[in-house]
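For reference, the structure is listed below as structure tokens.
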Amino acid sequence: MEKFTVHKGLVVPLDRANVDTDAIIPKQYLKSVKKSGFGPTLFDDWRYKKAGEPGMDHSLRDINPDFVLNQAQYQGASILIARENFGCGSSREHAVWALTDYGIKTVIAPSYADIFFNNSFKNGLLPVILSEAVVDKLFSEIDNGYELIIDLEQQKVITPTGEAFSFEVDSFRKHCLLNGLDDIGLTLQYADDIRAYEEKCKQETPWLMA
Amino acid sequence: MAIRTLYDKLWDAHVVREEEDGTALLYIDRHLVHEVTSPQAFEGLRLAGRGLWRSDSILAVPDHNVPTTKQHRGNGTAKIDDPVAKIQIETLNQNCEDFEIEEFLMDDIRQGIVHVIGPEQGATLPGMTVVCGDSHTSTHGAFGALAHGIGTSEVEHVMATQCLIQKKMKNMLVSVDGKVGAGITAKDIVLAIIGKIGTAGGTGYAIEFAGEAIADLSMEGRMTVCNMAIEAGARAGMIAVDQTTIDYIKDRPFAPTGEYWDKAVEAWADLVSDEGANFDQVIHLDASQIEPQVTWGTSPEMVLPITSVVPNPDDETDAVKRNSIQAALDYMGLQAGEPIDAIEVDKIFIGSCTNSRIEDIREAAVVVKGHTVADNVKLAMVVPGSGLVKQQAEKEGLDQIFIEAGFEWREPGCSMCLAMNADRLQSGERCASTSNRNFEGRQGQGGRTHLVSPAMAAAAAIKGHFTDIRAFS
């Protein structure tokens, strides 16, 4: 996994609550057996005028000019800001892969759905939680070329005027992101503990180990 | 022993090790796998040269992408039209063969929706931890199990280590007190719960559903309730074990037998929250006040009784919520103040991991019997949750009731719940659906979904619009 330390990037505002993973990446693209290539179909239903299908050349499709991701001033954005309960719905990790493949490094929102939140950390995407009031303030400040600095080590979001907002992040997840660590490798260090647990289960709840 | 909730007990029994900050390795007993969220996990294992920790904990089945029409089934994957879907299902088959995983292939009578077949086979047992790369894994909590959906990275993690890295969630109790009225089903109960606590109300919690109305439910009904815990934001929903649970499991193919059965039943008696156990949050609903529910918007919390009218955004003071209501009305093509029972429907979908079990199909068949589908309804379909559900329904003659009324009787799969296969809404079409999500585009781009119970979907098919099942004749 790619390390995440400090990121400075252009911010794109998605002023919606309850952005679900069906909206982030519609179902027809989940037929892929790969992890890459989901960027062009991120927010597909909102981004294009007509429904797309896997295998299309998405650069030839009619775009919806009203959708923020299609507006000139937000091209190259790497920080997405949205309202509460971002990423609700399906467990599809494709939603995270679509965001990262598009180039998003950080999402900022007042709250997230649990599975999406968890999936983000496994892919080097940092979901930052800021209060509704701060998110409101950031939405109101966004104009042409608005950039934020996300400092994971310091746990701070820094605005162009130098104003800094702190955010919380789980210490284990922070450690993994800062160092780009692979969870599976870490867990397998405890293989003996897992085997000991299984031995205990064979005695106590053998029907679960049959 | 300390006084504990059901969730506390399930958690404690599965912790392999715990760090000081509460990060734990949680042992997983059962891993259900389907074609959509697994290929990248198998690929990850191959790239890292890793194997499965415990292949006998895994049960696999293709469900999301499978066609549900008879002419596209049979002879394995040979008759699947969509080449991309076909590759995905064949990839699952190949992976299961390579990694020696038990899989119910498309032609197997046991094939079906992963959350239907797990319990049906007795592969979901009380006291288990159950995971699947699908958010509706919460379904299995109906058996007094700790079950939740995971992403593909976690699918790979469980395959390689048999564990999940987790922090303990908070405890929420949702108690549905008293008895429900006639015509009120498990679906109405859970939609009413989501309407009350909201789609993020359960975020960060494991929800235990309890109370007389929950205890009165069959296992099928309990699965419907736990299935939609995730629509209230909770990764896990669960219900305590009682005689109903044990009767359901007995003699199922994967259930323990003989001495193990007796020991298991004895152990399962403890899978209830202790008297006086502490919940971080407690919610009460009066069952007698629950009416048949219909969602009107684009989030499951946008739900109202059939006797209501479509809400007016101007009545909402919070700006973010007001905008959400307006956006939902625009998308759904509805006017504020319109009576819900005046909304006409184009398509009917009875199926999904929420409502495709035998009891759901019986419930709909009772309503449909002797009637015909209304002229304005373009398509009404029943998609049984598994080959065995389909077989049972056919044995009872239910398929004929639907076919005579003008319904299509399909092969098992996820179908129009998420419309990955050919079963989908066209833009602007309105559907009475027994599924679990009414998000924009969920059942097809531009499609408009209203979530209801099987009985309410069946009644809408006959009348051509939503109607109060309590007054249906």
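The values are calculated or read from the model by the stated rules, or taken from the named source; none is laboratory data. Since the structure is predicted, the reported quantities are computational estimates derived from the model, not experimental observations. For neighbour counting, all protein chains shown are included, and Cβ atoms are generated from backbone atoms with ideal geometry for every residue, glycine included. Areas reflect the complete protein model, heavy atoms only, side chains present, ligands, DNA and RNA absent. Shrake-Rupley method; radii C 1.70, N 1.55, O 1.52, S 1.80 Å.
Selection of the range B:1-22 for residues being open to solvent by 10 Å² or more (accessible area, probe 1.4 Å) and more than 15 Å from B:ALA206 (Cα to Cα) yields B:MET1, B:ALA2, B:ILE3, B:ALA13, B:VAL15, B:VAL16, B:ARG17, B:GLU18, B:GLU19, B:GLU20, B:ASP21, B:GLY22.
Residues checked against (1) in a helix (DSSP H, G or I); (2) at pLDDT 95 or above; (3) of a type in the set (Gly, Ala, Ser):
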site	(1), (2), (3)
B:ASP314	yes, yes, no
B:ASN323	yes, no, no
B:GLN326	yes, yes, no
B:ILE348	no, yes, no
B:ASN355	no, yes, no
B:GLU359	yes, yes, no
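Assessment of the range B:449-470 against the conditions (within 30 Å of A:GLY87 (Cβ to Cβ) and within 14 Å of chain A (Cβ to nearest Cβ)) yields at least one matching residue. One residue stands out in the range A:8-37 among those that are within 11 Å of chain B (Cβ to nearest Cβ) and open to solvent by 40 Å² or more (accessible area, probe 1.4 Å): the one that is farthest from A:GLU93 (Cα to Cα), namely A:ASP15.
Against the test of being at pLDDT below 95 and either more than 11 Å from every other protein chain (Cβ to nearest Cβ) or open to solvent by 20 Å² or more (accessible area, probe 1.4 Å) (or both), the options A:PRO65, A:PRO54, A:PRO40 yield a single qualifying residue, A:PRO54. Looking only at residues of the range A:114-142 that are open to solvent by 10 Å² or more (accessible area, probe 1.4 Å) and touching a residue at least 60 places away in the same chain (Cβ under 8 Å), we find that the one that is farthest from the other protein chains (Cβ to nearest Cβ) is A:ILE142. Flag: B:GLY122 does not match the condition of being in contact (Cβ under 8 Å) with a residue 24 or more places away in the chain, more than 13 Å from chain A (Cβ to nearest Cβ) and open to solvent by less than 10 Å² (accessible area, probe 1.4 Å). Of all residues in the range A:68-81, those satisfying the criterion of being assigned to a loop (DSSP other than H, G, I, E, B) and open to solvent by 30 Å² or more (accessible area, probe 1.4 Å) are A:GLN71, A:GLN75, A:GLY76.
I'd like to know if the range B:414-429 contains one or more residues that are of a type outside the set (Phe, Trp, Tyr), more than 17 Å from the chain's Cα centre (by Cα), buried (at least 22 other Cβ atoms within 10 Å of the Cβ) and farther than 30 Å from A:TRP46 by Cβ. Scanning the range B:414-429, I find no residue that is of a type outside the set (Phe, Trp, Tyr), more than 17 Å from the chain's Cα centre (by Cα), buried (at least 22 other Cβ atoms within 10 Å of the Cβ) and farther than 30 Å from A:TRP46 by Cβ, so the answer is no. Taken over the range B:456-465, the residue count meeting the criterion of being over 18 Å from B:ASP360 (Cα atoms) and open to solvent by less than 30 Å² (accessible area, probe 1.4 Å) is 1.
Conditions (1) buried (at least 19 other Cβ atoms within 10 Å of the Cβ); (2) more than 27 Å from A:VAL107 (Cα to Cα); (3) more than 8 Å from chain B (Cβ to nearest Cβ), marked per residue:
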residue: A:SER166; (1), (2), (3): no, no, yes
residue: A:LEU178; (1), (2), (3): no, no, yes
residue: A:ASP183; (1), (2), (3): yes, no, no
residue: A:LEU188; (1), (2), (3): no, yes, no
residue: A:ASP193; (1), (2), (3): no, yes, no
residue: A:PRO206; (1), (2), (3): no, yes, no
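Selection over the range B:366-397 of residues that are among the polar types (S, T, N, Q), touching a Pro at 6+ places or on another chain (Cβ under 8 Å) and assigned to a loop (DSSP other than H, G, I, E, B) gives a count of 0.
Selection of the range A:96-111 for residues being open to solvent by 10 Å² or more (accessible area, probe 1.4 Å) and in contact with a Gly (Cβ under 8 Å, 6 or more places away or on another chain) yields A:THR100, A:ASP101, A:TYR102, A:GLY103, A:LYS105.
A:SER90 fulfils the conditions (1) open to solvent by less than 10 Å² (accessible area, probe 1.4 Å); (2) in contact with an Asp or Glu (Cβ under 7 Å, 6 or more places away or on another chain) except for a single criterion, (1). Take the range B:344-371 and flag every residue that is under 26 Å from B:GLY149 (Cα atoms) and open to solvent by 50 Å² or more (accessible area, probe 1.4 Å). B:GLU359, the sole residue that qualifies.
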